[in-house]
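Undergrad: Shown below is the structure under consideration.
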Amino acid sequence: MLLSYAVTTSAEAPFRKLLISRQDNTRVEHWSRDHRDQPLPLDAEWAVRKSVLHGGKQEGVDLIEIDNGRLRLVIVPTRGMSVYEAVLNDVRLGWDSPVKELVHPRHIDLQSRGGLGWLEGFNEWMVRCGLESAGHPGEDRFINNIGDEASMNLTLHGKIGNIPASEVEVIVENQPPYRIRVRGRVDERMFYGPQLELWTEVATSINSDSFSLHDSLTNRGGSEQEFQLIYHANFGPPLLGPGARLVAPIRKISPFNEHAAAHLAQQSSYGPPTAGFVEQVYCLRPWADDQGKTSVMLQNPRGDRGVQLSWSLDELPYLTQWKNSADLKSGYVTGIEPGTGFPYNRRVERHYGRVPKLQPGQSRQFTLDFTVLDTAEAVKRGRRKIEAIARGRATVSQAAPEVDLELFR
């Protein structure tokens, strides 16, 4: 009986592989596992692979590729566990940045160009902004190590997207729903500063058209700690194009600045690639369903392809829409960005009560679900779900920015 129990437990237990570990001083450069190594009762040729990039600024960057038999995901542990792209048939979640390499963080100077150095590595489909700060660069105030008020120059979107993961493992489940999971830990720590630990997980079921991101953020310090977190998900062609639309159950919308305000009537739709385009940003507060969740969709111009994002407004109450309809060589892209706040400088966000805090040892959880829509019927189902959340409730649209930036100059 004991032997039978042990065999059953072993067969049911998920397969685990540690690929990177600061604690164990381990880094596996090349590794793979697929349906031949771990037969499952599914008609799918799935695989998960680990590799290392070479050449130029991407020398030494670790990649993990998940192929669930239908959907392919590329994760970049070296760049804060960002997701470079997700591809299902002819639908790609990603964009064509002028940055052509997956740049190793050692080549990024976050302080360059007045705090815009983050852009030197910006080409992923999904990159996290945070953790101590997110949003626009600029000056903020803090209490230094001798108890005096001092100033610091915050850089664009913080540090977490340029910190390599210190622990990474792959998990393949032997029981339904037969998920492939990639977990990683990224630490943002300093002496006399934040001690924030982020455990991330990307998970997808075999043969699925969807996947999820789940993050757990913990304050490992002994004092209360502010944090900010924005999930900067970026989309270019084939989803983005003239006539593409953001479909969302919006409770309230305000333009980020006066330039965006002048184009508020066209907020939900996208134009063609345009040389000299100046970005337009909108601050959205979505409606939620009875469980506190919301859902938004980016659909292509024909309405037969799209992507749906769903998450809890208790976790991420705010949504930023970034429209950058520049020419193709400059980066034709839109960002759909759930977050704990908007991408104003932290000093502004704190003033408006959008900089949360973690007590010592406290954790916060964040989960986002993504579904790739590769048929017109799937797009229609996504739209019906969003309409059900809105339930005919009105949108309050502010003609001018609700933030008075003159107060912070």
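Undergrad: Just to verify a result, which residue in segment 152-172, among those that are of a type in the set (D, E, K, R) and part of a strand (DSSP E or B), is surrounded by the most Cβ atoms within 10 Å (Cβ to Cβ)? Walk me through how you get there before you give the answer.
TA: First, pick out the residues of segment 152-172 that are of a type in the set (D, E, K, R): 159, 167, 169.
Narrowing the set further to residues that are part of a strand (DSSP E or B) leaves 167, 169.
On the way: GLU167: 19, GLU169: 16.
Applying the filter and picking the extreme gives GLU167.
Undergrad: Restricting to segment 374-397, name every residue that is out of contact with any Leu (no Cβ under 8 Å at 6 or more places or on another chain), assigned to a loop (DSSP other than H, G, I, E, B) and over 26 Å from LYS252 (Cβ atoms).
TA: Hit for segment 374-397 is THR375, nothing else.
Undergrad: Could you tell me which numbered condition LEU19 fails, if it satisfies all but one of (1) free of Cβ contacts under 8 Å to residues at least 24 places away in the same chain; (2) within 24 Å of PRO177 (Cβ to Cβ)?
TA: (1)
Undergrad: Six or more apart or on different chains, Cβ atoms under 6 Å: show the pairs whose first residue is in segment 37-60 and under 20 Å from HIS104 (Cα atoms) and whose second is of a type in the set (Phe, Trp, Tyr).
TA: These pairs meet every condition: LYS50/TRP31.
Undergrad: Same structure, new question: It is to be established whether one or more residues within segment 111-129 are touching a residue at least 24 places away in the same chain (Cβ under 8 Å), more than 20 Å from the chain's Cα centre (by Cα) and within 21 Å of ARG350 (Cα to Cα). Give the derivation first.
TA: Filtering segment 111-129 down to residues touching a residue at least 24 places away in the same chain (Cβ under 8 Å) leaves 111, 115-119, 121-129.
Of the ones still in play, those that are also more than 20 Å from the chain's Cα centre (by Cα) are 111, 115.
Going one step further and asking which of them are within 21 Å of ARG350 (Cα to Cα), we end up with 115.
Within segment 111-129, one or more residues are touching a residue at least 24 places away in the same chain (Cβ under 8 Å), more than 20 Å from the chain's Cα centre (by Cα) and within 21 Å of ARG350 (Cα to Cα).
Undergrad: Further question: Yes or no: segment 357-373 includes at least one residue that is part of a strand (DSSP E or B), buried (at least 23 other Cβ atoms within 10 Å of the Cβ), touching a Gly at 6+ places or on another chain (Cβ under 6 Å) and modelled with pLDDT of 95 or more.
TA: Yes, segment 357-373 contains a residue that is part of a strand (DSSP E or B), buried (at least 23 other Cβ atoms within 10 Å of the Cβ), touching a Gly at 6+ places or on another chain (Cβ under 6 Å) and modelled with pLDDT of 95 or more.
Undergrad: Looking only at segment 20-44, which residues are assigned to a loop (DSSP other than H, G, I, E, B), modelled with pLDDT of 95 or more and in contact with a Lys or Arg (Cβ under 9 Å, 6 or more places away or on another chain)?
TA: Passing the criteria: ARG22, VAL28, GLU29, HIS30.
Undergrad: From GLU149, GLU124, GLU169, GLU201, which residue is among the charged types (D, E, K, R) and more than 16 Å from VAL76 (Cα to Cα)?
TA: On the way: GLU124 fails: more than 16 Å from VAL76 (Cα to Cα); GLU169 fails: more than 16 Å from VAL76 (Cα to Cα); GLU201 fails: more than 16 Å from VAL76 (Cα to Cα).
So the residue among GLU149, GLU124, GLU169, GLU201 that is among the charged types (D, E, K, R) and more than 16 Å from VAL76 (Cα to Cα) is GLU149.
Undergrad: Now a separate question. Of all residues in segment 45-63, which are part of a helix (DSSP H, G or I) and either of a type in the set (Lys, Arg) or at negative phi (or both)? Talk me through it step by step, then tell me what you get.
TA: Going residue by residue through segment 45-63, those that are part of a helix (DSSP H, G or I) are 56-58.
Matches in segment 45-63: LYS57, GLN58.
Undergrad: Which of the residues spanning segment 374-393 are of a type in the set (Gly, Ala, Ser) and either under 20 Å from the mean Cα position of the chain (by Cα) or at pLDDT 95 or above (or both)?
TA: Within segment 374-393, the subset of a type in the set (Gly, Ala, Ser) is 376, 378, 382, 388, 390, 392.
Within segment 374-393, ALA376, ALA378, GLY382, ALA388, ALA390 qualify.
Undergrad: Also, I was wondering about something else. Could you list, in sequence order, the residues of segment 186-225 that are within 23 Å of LYS357 (Cβ to Cβ), of a type in the set (D, E, K, R) and assigned to a loop (DSSP other than H, G, I, E, B)?
TA: Within segment 186-225, ARG220, GLU224 meet the criteria.
The values are calculated or read from the model by the stated rules, or taken from the named source; none is laboratory data. Note that the structure is a prediction, hence the values are computed from the model and not measured. Note: ideal-geometry Cβ built from the backbone for every residue, glycine included; neighbour counts use all protein chains shown.
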